[in-house]
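A quick write-up on the structure given underneath.
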């Protein structure tokens, strides 16, 4: 007789709780058993050999594991990564046991607990955008791209036509867009920087006009001067492909009260696709974003005003971009909401055999669906009406659907 043993592929704690209740587990044990089923692999960087040895000893005592470099057994104290394997309860007990531990183990353990908690938490605090709030975790938010450039890679640049921008924005809002992202400087591979005055001339009249439409306006810029004036004109968010690295940009975000998107990019738009290379892709992206989030918070920007973006297509190979989508959920451990922009990008064209940018709708739909399944809170897109449908359907599959009474 077959007992039909099967592996349960359950997404999230709620699904585990439902399964435990379905098999009749006593109510008092349901939550504890659900936690035991959520084993997490947590990588920790730059752990000295002596700390790694003690960390492994403590994890083994708690029923977990700590994978360490082979030279740790030979008392090599070189700082290296370790990988902890355990469930949330194990990590919580580890933090209790190591609160006063040597070699900084208390700090390591508390950081692990915070990271696992962020990773496992679907809901985020609302994203504060000056005097507006956007809910994160209830459903995927859709950011519509308004390119007021003459040279957009996707062929949708509107130049300085304010009326065309308003018409496009109104159609995006009617289709379900939550955010309108206005950009006056192309960041396509090989693009050159735009002078401050020219970027202001392109963007400010459009931001002022769109502010009357009701959606949250995002200004896509890396210049603090543009950011300040755009927020004064009605923008509530700053979308910075340089990750708030320009002198004065963190101060501009802090002082205006705007939300900010911190993006990872290797190099700069002019050179970023010439020879992108990573020793460890996700470690580099995670480390950069962690450092920039910490810098923003140290500069007075609260965490609930930040979102992060792994920079799909910005200094990445096709293989890099696909890996980012496969492993996107790892970024949720950082805490802020996650924004992903794959729309019409060259990786899609390459995978689909060279289709041009205006024929990448279905490829974009696939990447958006997988990004949402991987934990994205916001998708940045050109084809708003179609991608709103993709988002709503993916949200429903991932658990947001509620039957009408």
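The values are calculated or read from the model by the stated rules, or taken from the named source; none is laboratory data. Just so it is clear, the model here is predicted, and its values are computed rather than measured. Here Cβ is always computed from backbone atoms with ideal geometry, including for glycine, and neighbour counts include all displayed protein chains.
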Selection from region 250-274 of residues under 15 Å from residue 341 (Cα atoms), in contact with a strand residue (DSSP E or B) (Cβ under 8 Å, 6 or more places away or on another chain) and in a loop (DSSP other than H, G, I, E, B) yields 264
Residue hits (region 36-65; farther than 20 Å from residue 102 by Cβ and within 29 Å of the chain's Cα centre (by Cα)) are 36, 37, 38, 39, 40, 41, 42, 43, 65
Across (1) assigned to a loop (DSSP other than H, G, I, E, B); (2) under 23 Å from residue 286 (Cβ atoms); (3) at pLDDT 95 or above, residue 84 clears everything bar (1)
task = Considering every residue within region 42-61, establish whether at least one is within 28 Å of residue 374 (Cα to Cα) and either in a loop (DSSP other than H, G, I, E, B) or at pLDDT below 95 (or both).
result = no
Result of the Cβ filter at 6 Å on region 290-316, keeping first residues that are farther than 16 Å from residue 242 by Cβ and partners that are surrounded by fewer than 17 Cβ atoms within 10 Å (Cβ to Cβ), at least 6 apart or interchain, is 304/125
The one condition residue 384 fails out of (1) within 19 Å of the chain's Cα centre (by Cα); (2) buried (at least 17 other Cβ atoms within 10 Å of the Cβ) is (1)
Exercise. Does any residue of region 6-15 turn out to be on the phi > 0 side of the Ramachandran plot, touching a residue at least 24 places away in the same chain (Cβ under 8 Å) and surrounded by 11 or more Cβ atoms within 10 Å (Cβ to Cβ)?
Worked result: yes
Screening 35, 71 for residues that are in a helix (DSSP H, G or I) and at pLDDT below 95 leaves only 35
Scanning region 253-262 for residues that are crowded, with 24+ Cβ neighbours inside 10 Å and either in contact with a helix residue (DSSP H, G or I) (Cβ under 8 Å, 6 or more places away or on another chain) or not assigned by TED's automatic domain parsing to the domain that holds residue 193 (or both) gives 253, 258, 259, 260, 262
For helices (runs of 4 or more DSSP H) lying entirely in region 290-375, having 3 or more residues that are closer than 29 Å to residue 275 by Cβ and under 14 Å from the mean Cα position of the chain (by Cα) picks out 318-326, 361-373
Of those in region 275-285 that are in contact with a helix residue (DSSP H, G or I) (Cβ under 7 Å, 6 or more places away or on another chain) and assigned to a loop (DSSP other than H, G, I, E, B), the residue farthest from residue 44 (Cα to Cα) is 276
Restricting region 95-141 to residues that are part of a loop (DSSP other than H, G, I, E, B) and under 21 Å from the mean Cα position of the chain (by Cα), the one surrounded by the fewest Cβ atoms within 10 Å (Cβ to Cβ) turns out to be 123
- Just wondering, is there one or more residues in region 202-212 that are closer than 24 Å to residue 126 by Cα and either surrounded by fewer than 23 Cβ atoms within 10 Å (Cβ to Cβ) or free of Cβ contacts under 8 Å to residues at least 12 places away in the same chain (or both)? yes
Going through region 225-249 in order, the residues found to be crowded, with 23+ Cβ neighbours inside 10 Å, in contact with a helix residue (DSSP H, G or I) (Cβ under 7 Å, 6 or more places away or on another chain) and outside any strand (DSSP E or B) are 226, 227, 230, 231, 235, 243, 244, 249
Quiz item: Is it true that some residue in region 142-150 is closer than 30 Å to residue 230 by Cβ, part of a helix (DSSP H, G or I) and in the same structural domain as residue 215 (by TED's automatic domain parsing)?
Solution: no
